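Report on the following structure.
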Amino acid sequence: MTFPEETNTVPAVEMQDIVLRFPGVLANDHVNFTLYPGEIHALLGENGAGKSTLMNVLTGLYKPQSGEIRIHGKKVSFNSPRDAIANGIGMVHQHFMLVENQTVTENILIGLDTPRFALNLKKYDQEISNLAEQFGIHIDPTAKIWQLSVGEQQRVEILKILYRGANILIMDEPTAVLAPQEADELIETLKGMAAQGKSIAFISHKLNEVKHVADKLTVLRRGRATAERVDLQDFTRESLASLMVGREVIFNLHKCEQTAGREVLRLEDVSALNNKNLPALRKVDLALHEGEILGIAGVAGNGQSELVEVITGLRPCTGRIWLEGKDIANKPPSFSINQGLAHIPEDRIGVGSAPNLSLTSNIIMKRYDQQPVSQKWQLDYVAADSLADGLKTEYDIQAPSVQTQARKLSGGNLQKLILARELSSTPRMVVAMQPTRGLDVGAIESVQQLLLNQREQGCAILLVSEDLDELLSLSDRIAVMYEGQIVGVLCSEDFDITQIGLMMTGTLPEELPEKAQAEEAPTDGTPSSFDEVLDNLHNYEESTQAKRPAEIEPSSESAEPIEALPQPESSATPEDLPLNLTEKERVLRKVLGENYKQGDEE
Amino acid sequence: MKIPYPVLLKRTEDSPKWLPVVTSVGAVLLAFIISGVILAVTGADPFKVYSYLFKASFGSWGAFSDVVVKATPLLLIGLGCSLAFRMRLWNIGAEGQFFVGAFMASAVVMVPLVNLDTTPRWAIISLMAALGMLGGSLYAFIAGFLKAKLNINEIIITLMLNYIAVLWNNYWIFGKWSESGFQMTKTFPKSAWLPRLADYAKQVPAFSGMTLHLGILFGLIAAVIVYLIIYRSKWGYKITLIGDNPRAARYAGINITANTILVFMVSGALAGLAGMTEVSGVVHRLQERISTSYGFSGVIVAWLAKLNPFAVIVVSILFGALLVASREIQPSGISFLIQGITLFLVISSDVFLKYEIKWVRPAQETAQ
């Protein structure tokens, strides 16, 4: 690896002590970020760790409350993305901003001052072609956007920035939308651009890819940098994982000891495509038992949504899914509902409720066909209202009446409404996805307790969550998903957050360091470097040949807990929520202790 | 939602129950005012025109009977549209479904499917009504099926199907069923006529000359049925749920494909029945101009009535009155002008229902 001589070169970007506070959350807490010309600097972190937020500060989208930004040694203050572009900073977002039925050239020229009126497309086609060639990007400037693959569209976005004279490029999880082949190509392109002096900030949550692309690394967690501008060699895989994932305070929940009963759900060889028709699930095998909570851990977008949709009948798949002995794969959702499958969907508003309909209408969504709500062809709204009223009291849903529209409920109350609907039907099995995301502390605890109560009653629960602490405290077993596969299943006595973190970022359990082995028997005295491990892993993935167990220094790193207290106010948070809301609520709870009453956010 | 104006549209959580009525009535009044201004600009005295319009439609029982006759197809079509629109299915093919319904009903007489001399009148009429509904629903099935299975835009399909239906009708009245070369069929025998008030002039002299026919009863019964479907039935619940959030409906195990097709077919059946009442109750033959854009006015009626079946009755009578009045004044376009402006204003007035309109105070922009 080659680095520019740091002492002689002026950094392209210097961000110092950046503090960015959103109402109620601290998105960036005194973060430093330095990027030298010709360097690829990776920003690693979980969803909501503040990576994108930090980069949005650099592109002028957000203005930090304090901190300094210097571009090529010159202090700057951006008021808008326009200012950033003028300073040669461009960002490729995860979601492309392209006009589908215009050509590549036209898209690149959009919004520029020249050409002013007459458009000599041929001339610009040539220009763009030359530019692309210079950076080894293959693209036909005359192609229409809709004809291009996602990877090619991304190249257009990159060209768009380069054409505007950017020498500092920010890539926001660029490989998230790409097929592996395309990702490799992209990484080659980025390296080529770096070699020509461009500086690249690379946002990612995948350890593997960071290793292949980056020279330097900064790790963010909950808004703070847990590692700043470090060399990759200096860190073990585990220590990076723990820097990324960290340890959190755990709730005191009442969870009784019990052994799982007979099998309720079994997945055999289940594969499915995602919305972009790329493989999202690859031959998943899974079993779930009575009175057991099986947690699914994984970084968002590794197939969890598809797994849930496949089980609940919302997505076609191959393979078999047995629920109570009946194959429910590719059956309509009503089939599995009748088999006693309850589903707490990830998207409460978009999927879990009908926002403009009343509480009652939302409660009876899955039992409008059953007594006493239905009488032959009729719907007995009186009976429905009294049912809803009962559940409203039982589940403590705060609302003026059962006639209230669902959209008027706060997040926590809406989730309670959904839980009331799903759990009151005494399901055999519950699929819960992100059941506590975005809720306040009180709601989190009651939702979690409700799930535990179901477990006690012998219900089988599949709990998908991005909140590792939630998984650790609720689950009997945890299965880790990575790129559409279950890479390992751990039992509660073996829960180890570092291990889970590693598996979440793509390490197979066979390659995980045995704690004992690493401590007692270092094979040749020199622990393998992080690079080697990653190379091994890469080889493993490519050839699926024999595994080479690697020994790694056990991690002694543990991330510091967050200190800063967010303001205890609840109001609109920006769309790009930089911190997990749960974090805010945890802090609140810690601060207020027993005095904290379950508030009704509005 | 932010809008780059100094006016902030804030989604309201509570709009009072009376507000939709007020905005609708207000929109109609405003439409009359604007039309009045246009009339004044063209040199007419709006007050005179309006009072004449009113007299022409509500001035006598005879005039009112004409209004109800015009309102009948609007009522049936408006009800069908209300049902479809509840599910956010934009069936604007009522015109075509109307024509196919009229065609099927006429077939009973023209083929003929039954012996017109011996079959009792009620049986012939029932058969015509049944076939009219079947025709309309099968025609709507095409659009419903394409929408449900292939997700093809139903607006385009239903719109195009309208032209096909009209041309199909023309084929028969210009060709096979043509009455000695005119673009119409022969007059139906009396046994295929819907009973009219005028038929009972002997018993009740006041009914003499009144064209009001049994079709309005079909319309009123249909209004009650649609009301029961929407507000009292399981199916109505499903329709409302799909309309509000199809993803939630799918998640709740409701078959969206089947319901899309079904709602389209019921909507089409009502339009088809409207076609039957026109040929059997008014013109007594199949001819080219049996509809004065009833299919499209029905869309407006449904929308004006906020998809409430009983409000559809009121609105269709208002529109019937405009249609009757348009015969009486020149140019007859004035009525359509008022219709158009009314629809425009009613749709715009929805803003008042969904949003609170405020002048921006920066502090409020974030508080939500």
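Could you tell me the calculated FRET efficiency between B:Gln203 and A:Glu394, based on Cβ-Cβ distance and R0 = 60 angstrom, to the nearest 0.05?
Calculated transfer efficiency: 0.40.
In terms of its C-alpha gyration tensor, region B:61-329 comes out prolate, because a/c is 1.5 or above and the ratio a/b outweighs b/c. Projecting label points 7 angstrom from Cα along Cα→Cβ for B:Glu328 and A:Lys376 puts them 4.6 nm apart. Sites listed here are trypsin sites (Lys or Arg not before Pro) in region A:105-210 whose DSSP assignment is loop and whose Cβ has at most 12 other Cβ atoms within 10 Å: A:Arg116. Stretching B:Val283 away from B:Ser180 to a fully extended chain increases their span by 35.3 nm, per 0.36 nm per residue minus the current alpha-carbon distance. Summing Lys and Arg as +1 and Asp and Glu as -1 over all other residues whose Cβ lies under 13 Å from the Cβ of A:Leu159 gives a net charge of -3. Rounded to the nearest 20, the Cβ-based charge dipole of region A:97-164 about its Cα centre (Lys and Arg +1, Asp and Glu -1) stands at 140 debye.
Rank the residues A:Ile418, B:Ile300, A:Ile187 as a footprinting-exposure proxy: fewest other Cβ atoms within 10 Å of their Cβ go first.
A:Ile187, B:Ile300, A:Ile418
Determine the shape class of region B:196-299: with a ≥ b ≥ c the square roots of the Cα gyration tensor eigenvalues, call it rounded for a/c under 1.5, and otherwise prolate if a/b is greater than b/c, oblate otherwise.
Prolate is the answer for region B:196-299, as a/c is 1.5 or above and a/b outweighs b/c.
Calculated mean residue ellipticity at 222 nm for chain B: -22500 deg cm²/dmol, from DSSP H runs with n ≥ 4 weighted as -39500 (n - 2.57), summed, divided by the residue count and rounded to 500. Within region B:188-227, which residues have the backbone N less than 15 Å from the label spot 7 Å out from B:Trp61 along Cα→beta-carbon, could you tell me? From region B:188-227, the list is B:197-213. One chain, two ends: A:Ser334 and A:Asn101. Fully extended at 0.36 nm per residue, the span grows by 79.9 nm beyond their Cα-Cα distance. The label point for A:Thr318 and the one for A:Gln258, both projected 7 Å from the Cα toward the Cβ, are 3.8 nm apart. Cβ crowding within 10 Å ranks A:Arg367, A:Arg82 as A:Arg82, A:Arg367, fewest other Cβ atoms first.
One Cα centroid belongs to region B:82-151, the other to region A:446-510; the line between them spans 57 Å.
Here r is the Cβ-Cβ distance between A:Asp184 and A:Trp146 and R0 is 30 Å; the resulting FRET efficiency, rounded to 0.05, is 0.75.
Between the residues B:Gly275, B:Pro309, B:Ile338, the greatest Cα displacement towards the positive end of the dipole of region B:233-361, with unit charges on the Cβ of Lys, Arg, Asp and Glu, is found for B:Pro309. Pairs exceeding 31 Å between alpha-carbon atoms, taken from A:Lys331/A:Lys376; A:Lys51/A:Lys198; A:Lys122/A:Lys276; A:Lys75/A:Lys216; A:Lys63/A:Lys276: A:Lys122/A:Lys276; A:Lys63/A:Lys276. When only Cα pairs below 8 angstrom with a gap of at least 6 residues are kept, chain B shows a relative contact order of 36 percent. Listed from fewest to most Cβ neighbours within 10 Å, the set A:His205, A:His343 follows the order A:His205, A:His343.
Of all segments of chain B bounded by trypsin sites (Lys or Arg not before Pro) found in a DSSP loop with no more than 16 other C-beta atoms within 10 Å, the longest spans B:89-175. Under the rule a/c < 1.5 gives rounded, and otherwise a/b versus b/c splits prolate from oblate, where does region A:317-406 land using the Cα gyration tensor? It comes out prolate by the Cα gyration axes.
Set the Förster distance to 35 Å, then compute FRET efficiency between B:Asn151 and A:Asn120 from the Cβ-Cβ distance, nearest 0.05. That pair, B:Asn151 with A:Asn120, gives E of 0.30. For region A:162-249, chymotrypsin sites (Phe, Trp or Tyr not before Pro) meeting the loop criterion (DSSP other than H, G, I, E, B) and having at most 11 other Cβ atoms within 10 Å: none. Taken about its Cα centre, region A:129-172 carries a charge dipole of roughly 120 debye when the Cβ of each Lys and Arg holds +1 and the Cβ of each Asp and Glu holds -1.
Placing pseudo-labels 7 Å out from each Cα toward the beta carbon at A:Lys408 and A:Thr426 gives an inter-label distance of 3.4 nm. Span-like helix criteria (full DSSP H runs; alpha carbon extent of at least 24 Å along the helix axis; mean Kyte-Doolittle hydropathy of at least 0.0) are satisfied in chain B by B:19-41, B:61-86, B:121-150, B:154-174, B:215-232, B:256-278, B:309-328, B:333-354.
Which residue, B:Tyr237, B:Leu214, B:Phe188, has the largest displacement toward the positive end of the dipole of region B:181-248 when charges sit on each Cβ (Lys, Arg +1; Asp, Glu -1)? After comparing all options, I get B:Tyr237.
Read the figures in this text as sums done on the coordinates, not as results from a lab. Quick caveat, the model's predicted, so the values are computed rather than measured. All Cβ positions, even for glycine, are placed from backbone atoms using ideal geometry, and neighbour counts span all protein chains on display.
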